[in-house]
Amino acid sequence: MVADSLEPGAIVTDVARRHGCRPQQVHDWRRRARSGQLVLPAAGGALSFVPLVSESSPSVAAAPSGSPEAAVVTVELHGARVEVRGTPGLAVLSDVFVALRRTRSC
């Protein structure tokens with residue numbers, strides 16, 4: 001949202017309304033971004049990655065399970081935790097991240 005609000009011609013009130021937030025919240029995030037407390041995404045649509053943390057030992061993680069239904073993807077973001085079981089496709093995982101971003105952005 002901060003990156004959207006910094007686009008040429010963007011109006012903070014419109015950006016906030018589009019994302020269901022108050023303009024004061026967006027102004028606060030912009031101030032934090034300018035002071036270095038928030039990091040904006042890379043420009044130009046560059047890919048970014050988050051660290052992958054495995055809670056199992058390396059030998060267990062390396063051993064393939066016999067069933068794809070046994071796979072579990074756990075996403076923890078901004079205090080929310082979501083577990084996706086089985087072999088989710090890219091669309092399912094994308095939907096999970098979009099939903100998390102929408103519910104935790106304000």
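Could you sort Ser35, Ser5 by their accessible area in this structure, using a 1.4 Å probe and putting the largest first?
From most accessible down to least: Ser35, Ser5.
Fully extending the segment from Leu6 to Arg34 would add 9.0 nm, taking 0.36 nm per residue of separation and subtracting the current Cα-Cα distance.
Given a Förster distance of 41 angstrom, what is the FRET efficiency for His27 paired with Ala91, based on the Cβ-Cβ distance and rounded to 0.05? Step by step, r from the Cβ atoms, then E = 0.75.
Residues Leu100, Leu38, Leu6, Leu93 ordered from highest to lowest accessible area at a 1.4 Å probe: Leu6, Leu38, Leu93, Leu100.
The values are calculated or read from the model by the stated rules, or taken from the named source; none is laboratory data. Note that the structure is a prediction, hence the values are computed from the model and not measured. Cβ sites come from the backbone with ideal geometry, for glycine too, and all protein chains shown count toward neighbours. The protein model used for the area step is the full one, side chains on, heavy atoms only, and it has no ligands, DNA or RNA in it. Shrake-Rupley method; radii C 1.70, N 1.55, O 1.52, S 1.80 Å.
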